[in-house]
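Since every read-out is calculated from the coordinates, none of them should be taken as a lab result. It should be emphasised that the depicted structure is a prediction, and the values quoted were computed from it without experimental measurement. Cβ: placed from backbone, ideal geometry, glycine included. Neighbour counts: every protein chain shown.
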Amino acid sequence: MFNLGTLISDPYNRKARLQPALLTLLPVLVASVLLVPEIQSSRGAAIGVLVYCGGAMWLTQLGRDRGKALEPTLFKAWGGKPSVAMLRHRDSRISKTTKERYRAFLERRVPDLKLASQEDENRAPANADDGYESATAWLLAQTRDRERFRLIFEENINYGFRRNIWALKPLALVVDALLIASVLTTVAMFSTDTAASTLQAIDKPTWAAILLTLGHMLIFALMVRRDWVRTTADAYARQLLAACDILDNSDG
């Protein structure tokens with residue numbers, strides 16, 4: 001269980017877990033500030049921040065758990081975990097020469113590891129992937145040092161951020177829809193005029209809240225997609241495999 005201090009102080013927790021939750025709830029915070037005068041007072045602002053942070057901490061748990069639960073779905077859609085898939089002979093995201101160098105290093109360093117030849121991979125791709133999975137698991141264990149392998153850590157944060165915000169996408173869209181509906185319903189309840197005149201009478205803060213929420217909804221609907229997550233997953237996998245060269249050079 002996270003506490004707020006841990007979420008803020010640890011870079012991965014702050015950027016990959018807390019920020020997606022805060023962005024998911026952002027329209028609620030902005031709409032509350034714009035439309036509820038009491039929140040603009042110092043006491044109201046303090047209460048609002050506490051409620052907002054409490055909701056964000058709950059969403060942090062939800063985003064992390066849902067992100068991990070949905071990760072196999074992502075890997076299946078992408079044809080496998082990127083770090084594993086990039087070691088396959090048939091994958092072209094890493095050049096053949098570079099891949100052969102990585103594979104040779106891993107076979108030298110990982111105990112009892114023999115990676116599949118192209119013929120073995122074609123004949124039994126699942127068995128080949130078991131070897132690639134073992135190799136990348138070993139590589140992960142060797143690259144835990146965040147300072148030495150800074151690029152791996154940063155790409156892991158980028159991937160975690162996008163995966164978790166993608167996992168929270170359905171909730172974000174529901175929150176946005178409910179927020180817009182509640183604002184329009186409230187306006188309609190206190191108006192006895194026609195719909196056209198009611199729209200004309202909506203004040204600027206209300207319009208600002210509606211438009212910001214609509215923009216938030218469109219961004220989540222159109223941009224937060226599996227391919228958007230995949231870009232960072234591939235970048236993380238490339239950096240992880242590139243650690244073969246770093247480890248090999250340090251051995252020399």
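Seen from a random direction on average, the alpha-carbon convex hull of the range 205-252 projects onto 4.8 square nanometres. Projecting label points 7 angstrom from Cα along Cα→Cβ for ALA77 and ALA141 puts them 3.2 nm apart.
Listed by chain and number, the lysines whose alpha-carbon sits under 27 Å from that of LYS81, ignoring those within fewer than 8 places in the same chain, are LYS15, LYS68, LYS96, LYS99, LYS114, LYS169.
Every Cα-Cα pair in the range 73-209 was counted, and those over 20 Å apart are 64% of them.
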